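Here the structure is laid out as structure tokens; the discussion comes afterwards.
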Amino acid sequence: MPQSMPAAPLSFDELLDTAQFQALHLELRDNYAVGEEQSVYDTFLANGTVPAYDSAFWRPWVSLVERTVARGVTVRRARIISEPVTDYVRFEHAITPSNLRAGEEVRWLGRSQASALALPGNDFWLIDDRLVRFNVFSGDGEVQNPEHSDVPQVIKLCADAFQSVWERASPHDQYEI
């Protein structure tokens, strides 16, 4: 376990509120158990629509990202995905304009282009090259307890992995599903 931080996980609000210059997020899965997204995801599958930027669905995340970016923090998200893409990745692609509007930068990388990269085993958030939050999921995509680390070697692995993905990945507006 990479943890050297206290066992109590930080919420996303607490995590991003501590960021001073950057918050980097790497996503590695093609499917997530959608939980609170279920009705939105079902609607997308039924008719291809997604919630508006100012909807109740987006309000908590958008507010958090907007206030984080307003403090001068860069928020970047990179997704490694299998191609052809899953329905869930199509859903993520469809909702990404709201992430962008809130102030995130988002890029996409086909899994075949990531084969030679050293990657950690879980999705993560890296905050200011000082703290990593690993988002751990079960095999069926259910959220498990996150893990935190401030171990320098773990931080370096995550920083290098994110940078390698970011350099190869396509910006959202250039990646077509």
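Mind running the shape call on the chain? Use the C-alpha gyration tensor, a ≥ b ≥ c as the square roots of the eigenvalues: rounded below 1.5 for a/c, prolate if a/b tops b/c, oblate otherwise. Intermediate results must be reported in sequence, preceding the final value.
Numbers: a/c = 1.45, a/b = 1.25, b/c = 1.16.
Rounded, since a/c falls under 1.5.
Using a ≥ b ≥ c from the Cα gyration tensor of segment 45-106 (square roots of the eigenvalues), is it rounded, prolate or oblate, where a/c under 1.5 gives rounded and otherwise the larger of a/b and b/c decides, a/b for prolate? In terms of gyration-tensor shape, oblate.
When each of the peptides 136-146, 34-44, 75-85 is scored by the mean number of other C-beta atoms lying within 10 Å of its residues, the order from highest to lowest reads 75-85, 34-44, 136-146.
Using DSSP, restrict attention to beta bridges with both residues in segment 12-174 and report what percent are antiparallel, rounded to the nearest 5. Could you put the intermediate results ahead of the total?
Details: 15 of 27 bridges.
Bridges in segment 12-174 are about 55 percent antiparallel.
Between D13 and R111, the modelled labels are 3.6 nm apart [label points 7 Å from Cα along Cα→Cβ].
Where a ≥ b ≥ c are the square roots of the eigenvalues of the C-alpha gyration tensor, would you call segment 1-96 rounded, which needs a/c under 1.5, or, failing that, prolate if a/b is larger than b/c, or oblate? Note, shape of segment 1-96 comes out prolate.
Working out 0.36 nm times the residue gap between S39 and D140, then minus their Cα-Cα distance, what length gain in nm do you get to one decimal? Separation in residues times 0.36 nm, less the Cα-Cα distance, equals 34.5 nm.
Highest GNM mean-square fluctuation among P60, P97, P51, for the chain modelled with Cα contacts below 10 Å: P60.
Annotation note: trypsin sites (Lys or Arg not before Pro) in segment 86-141 located in DSSP loop regions with a Cβ neighbour count of at most 15 within 10 Å are R130.
Readers should treat all values here as calculations from the given coordinates under stated rules, not as data from a laboratory. Owing to the predicted nature of the structure, the values given are computational and were not obtained by experimental measurement. As a convention, Cβ positions derive from the backbone with ideal geometry for all residues, glycine included, and neighbour counts pool all protein chains shown.
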